[in-house]
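Asker: Encoded as structure tokens, here's the structure I'll be asking about.
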Amino acid sequence: MENDTVSYIVWGVLLAAIAVWIYYVYRRRWLIRKRFQIDELFKNYFQNGIAAGELGRRVRAVVSRGFIGGDEFYALATAAFQRAVNAARTHAAHSELERTLLTRLAALKTEFGLTDRYLIEGWRSGRE
């Protein structure tokens, strides 16, 4: 009787471990797919394909509000902006195209409520 109980416990733990592993694999693939979709939307946005409001609607349809407020979303937006700037520098003059890209980044920050999270505040009077 004790031998059967131990084997049931071992099989139960093994099945639970397999279920957890399957969940993590599924979740990781789901996140990779969502990141890819958001990256494509940002790429399209910075190439003047869609407006900020339309981008906001599409992104909110793809991911949750918690993801939009997170650091990973901010990093994806910043990386897409940087790729657009790097591509623009190889093709055209700096001033007008960079101004357009910076305007689109500002509209993106306004649409999603993104802040400059990594700014260095510097020294302020009264702070030590």
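Read-outs: derived from the displayed coordinates by stated rules, not from any lab. Since this is a predicted model, take the numbers as computed values, not measurements. All Cβ positions, glycine included, derive from the backbone under ideal geometry; neighbour counts span all protein chains shown.
Asker: Ranking request for peptides 28-39, 67-78: highest mean number of other beta-carbon atoms within 10 Å first, then the rest in descending order.
Answerer: So the order, starting with the most tightly packed, is 67-78, 28-39.
Asker: Something else now. Subtract the Cα-Cα distance of Arg89 and Ile9 from 0.36 nm times their separation in residues, and report this length gain in nm to one decimal.
Answerer: 22.6 nm
Asker: List the pair-distance distribution P(r) of the stretch 30-112, using every Cα-Cα distance, as the percent of pairs falling in each 10 Å bin from 0 up to the bin containing the longest distance, rounded to whole percents.
Answerer: 17, 54, 24, 5
Asker: Run the simple label-point estimate for Lys43 and Ala79 please: 7 Å along Cα→C-beta, distance reported in nm.
Answerer: 1.2 nm
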